[in-house]
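Structure first, then comments.
The values are calculated or read from the model by the stated rules, or taken from the named source; none is laboratory data. Quick caveat: nothing in here was measured; it's all calculated off a predicted structure. Here Cβ is always computed from backbone atoms with ideal geometry, including for glycine, and neighbour counts include all displayed protein chains. Calculation scope for accessible area: heavy atoms of the full protein, side chains included, ligands and nucleic acids excluded. Shrake-Rupley method; radii C 1.70, N 1.55, O 1.52, S 1.80 Å.
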Amino acid sequence: MLRRTAPAVLVTLLCALALFATTTATWIHADVPTSLQSVTVDVPGADAAPAVTALGLVAAVAAVASALGGRVLRTIVGAVVALAGVGAMLAVLAVTGDPRAAAQPTVGAQTGVINDGGDYALTGWPWAAVTAAVLLALCGVWLAVVARHARRRNAQRYDRAAVAGSVGTAAMTAAMHPRGGEASAGETQAAEHVDDIDAWDALTRGEDPTQTD
């Protein structure tokens with residue numbers, strides 16, 4: 001099963017790492033006026049959207065865990081990864097919708113000035129993060145589908161093995177009985193049950209059931 005799920009696990013891990021990597025780059029260039037001069041502050045994705053960093057790490061750890069677990073764990077991991085991808089996408093879109101609000105904490109910490117002025121320009125990295133988040137959500141669905149498909153195939157294999165075992169038992173029973181004196185497995189079990197009852201009745205009467213007339 002690991003061989004069948006390895007591509008899904010590997011792609012999931014790569015997408016999670018790609019999402020995490022985008023948060024190390026600059027997402028927002030902030031040009032903020034101060035009392036002396038304008039100051040340019042580069043805001044990385046980890047500061048603009050810290051939730052994206054956390055979700056990328058969660059998805060990466062989940063992908064590694066899915067490679068070590070069974071079918072049930074892979075199904076759970078698939079759901080976790082899909083939710084992480086959706087959550088990361090929403091967090092990035094919140095930054096693109098209001099870059100000023102996302103950059104204000106970092107700008108205030110570096111300049112000591114928080115005002116409504118200034119120019120806040122997005123780089124291309126937030127859109128790269130959106131792409132990685134969408135791919136990560138799709139990978140989560142892929143993991144869940146692969147785990148479910150593998151579970152179905154295993155169940156079918158077990159059913160075929162059970163049928164083959166039943167056929168083999170029936171063939172062996174038929175070979176052990178000569179033609180004209182064939183007996184089914186149910187008949188054999190019924191006869192043995194009657195013999196057990198007769199032996200118990202003999203013991204109850206104080207007789208030795210092993211003695212024959």
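Restricting the search to segment 14-27, which residues are in contact with a Gly (Cβ under 9 Å, 6 or more places away or on another chain) and either open to solvent by 40 Å² or more (accessible area, probe 1.4 Å) or of a type in the set (V, I, T) (or both)?
Hits for segment 14-27 are L17, A18, F20, A21, T22, T23, T24, T26.
Is it the case that segment 31-39 has a residue that's outside any helix (DSSP H, G or I), touching a Leu at 6+ places or on another chain (Cβ under 9 Å) and closer than 26 Å to P105 by Cβ? No: zero hits.
Assess whether T75 counts as being of a type outside the set (A, V, I, L, M, F, W, C) and buried (at least 18 other Cβ atoms within 10 Å of the Cβ). It is true that T75 is of a type outside the set (A, V, I, L, M, F, W, C) and buried (at least 18 other Cβ atoms within 10 Å of the Cβ). Of all residues in segment 99-127, those satisfying the criterion of being within 35 Å of the chain's Cα centre (by Cα) and surrounded by 12 or more Cβ atoms within 10 Å (Cβ to Cβ) are P99, A101, A102, A103, L122, T123, W125, P126, W127. Going through (1) among the aromatic types (F, W, Y); (2) under 15 Å from the mean Cα position of the chain (by Cα); (3) at pLDDT 95 or above one by one, W142 falls short only on (3). Scoring V43 on the criteria (1) open to solvent by less than 50 Å² (accessible area, probe 1.4 Å); (2) touching an Asp or Glu at 6+ places or on another chain (Cβ under 9 Å); (3) not in a helix (DSSP H, G or I) leaves a single failure, condition (2).
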